[in-house]
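I have a structure here, written as structure tokens, and I will follow up with some questions on it.
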Amino acid sequence: MSAQTWGWRWVVVPICLAFLLGYFLGLAVPETSGSASPLTGTQSRPSRGERAKPKPLATSDAPRIRFAQELFDFGTVEQGQKVVHVFEFTNAGNAPLEISDVTTSCGCTATMLSSRRLAPGEKGQVRAEFDSEKYRDKVQIWLHLFTNDPRRRQATILLQGNVAQILRVEPRELDLGVVGEGQQVRGSIRVEAARPGEAFRILGIESSSDAVALGPVQEDPAHPGAAYTIPVSLRGRPPYGMLWDSVRLRTDHPERPTLEVKVLRTVTSEAGQPQATPAPSVDGTPSSGGTHLH
């Protein structure tokens, strides 16, 4: 073998050995998720089953109002009774709970709040008192608490039940409709005992306006001592526009000595157009004057 041939062998053989050594070293390196390859220096991709899960977001400090009871049914009460219930709640959050206001869906219910600011874990109360004097049948009263709880800026709870009448009055509001000047219009109010076998008498009736004429009281012959009808009509020249007046009845019933019915009418001119008059107040404040019958 010539010297030239041996010279090529000394060059080629080391190169082949180096290549084989590098190949076997690559096979021996374990595959790791998200690690750099010692041969290429690049980041290897994690396998499908080894994808990193997103870290849960840190929740900021916040209050949380939680009621022990959000609905209270007081069952059946007789008209005129008062219902008192206390709703309890807790600040279940990790920041102070603030209550800026408490409102109700009607003026028949008064509320009282134990505290307007509660620390985390602290308990509070809102007291509700419902006056059933002017209500009957099924009633629902919504209580709204305005808070800094980001989940319940307006937290609503419910007080409900049934109001049974002792003396049933129909209608509670008598609407005589649209009345032309000088037009005769009549209506009636019926009062009867709601409980079987109970009797009572009407001792007197009166209206808040001279324009509303009442009576005479008529006893129902089918229910003597238990049902009465009171005729209602207009007289004179009442003011134009929509007006509210009230009719008050006095009875000898120990639980319902007085009853009140609102009377509404809209008086128009001869041309049939209502004239401008002061609007009645929200609470139905009666006009001046009065009619009495005993």
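How much length is gained if the chain between Glu198 and Ala119 is pulled fully straight, taking 0.36 nm per residue apart and subtracting their Cα-Cα distance, in nm to one decimal?
23.0 nm
Going by amide H atoms built from the backbone, whose H comes under 5 Å of the H on Tyr240, apart from near neighbours?
Result for Tyr240 returns nothing.
Using only the alpha-carbon atoms of region 132-184 as identical scatterers, what base-10 log of I(q)/I(0) does the Debye formula give at q = 0.23 Å⁻¹?
Taking Cα atoms of region 132-184 as identical point scatterers yields -0.91.
Same structure, new question: Placing one identical point scatterer on every Cα of region 65-164 and ignoring solvent, what is log10 I(q)/I(0) from the Debye formula at q = 0.14, 0.22, 0.24 Å⁻¹?
Values returned for q = 0.14, 0.22, 0.24 Å⁻¹ are -0.52, -1.05, -1.20.
Under a 5 Å amide H to amide H cut-off, with H placed in plane at 1.01 Å, what residues pair with Ile166 once short-range neighbours are removed?
Gln79
Please compute the modelled spin-label separation between Arg152 and Ser100, points set 7 Å along Cα→Cβ, answer in nm with one decimal.
Here the answer is 1.8 nm between the modelled labels.
I would also like to ask the following. Residue-wise, which Karplus ³J(HN,Hα) couplings in Hz belong to region 256-262, taking 6.51 cos²θ - 1.76 cosθ + 1.60, θ = phi - 60°, and x for glycine or proline?
Once θ is set to phi - 60°, the couplings for region 256-262 become 9, x, 9, 10, 9, 10, 7 Hz.
Same structure again: Figure the gain on full extension for Arg172 and Ser233 (residue separation times 0.36 nm, minus the Cα-Cα span) and round it to one decimal in nm.
Value of the extension gain: 20.3 nm.
So what's the projected area for region 116-272, the Cα convex hull averaged over all directions, in nm²?
14.7
Hey, another quick one. Quick one: which residues, 5+ away or cross-chain, put their amide H under 5 Å from the amide H of Ala213? H built at 1.01 Å from N.
Those lying under 5 Å, H to H, from Ala213 are Ser233, Leu234, Arg235.
No value in this document is a laboratory result; all are computed from the given coordinates. Everything numeric in this text was worked out from a predicted model, so none of it was measured. We place every Cβ from the backbone using ideal geometry, glycine too, and count neighbours over all the protein chains shown.
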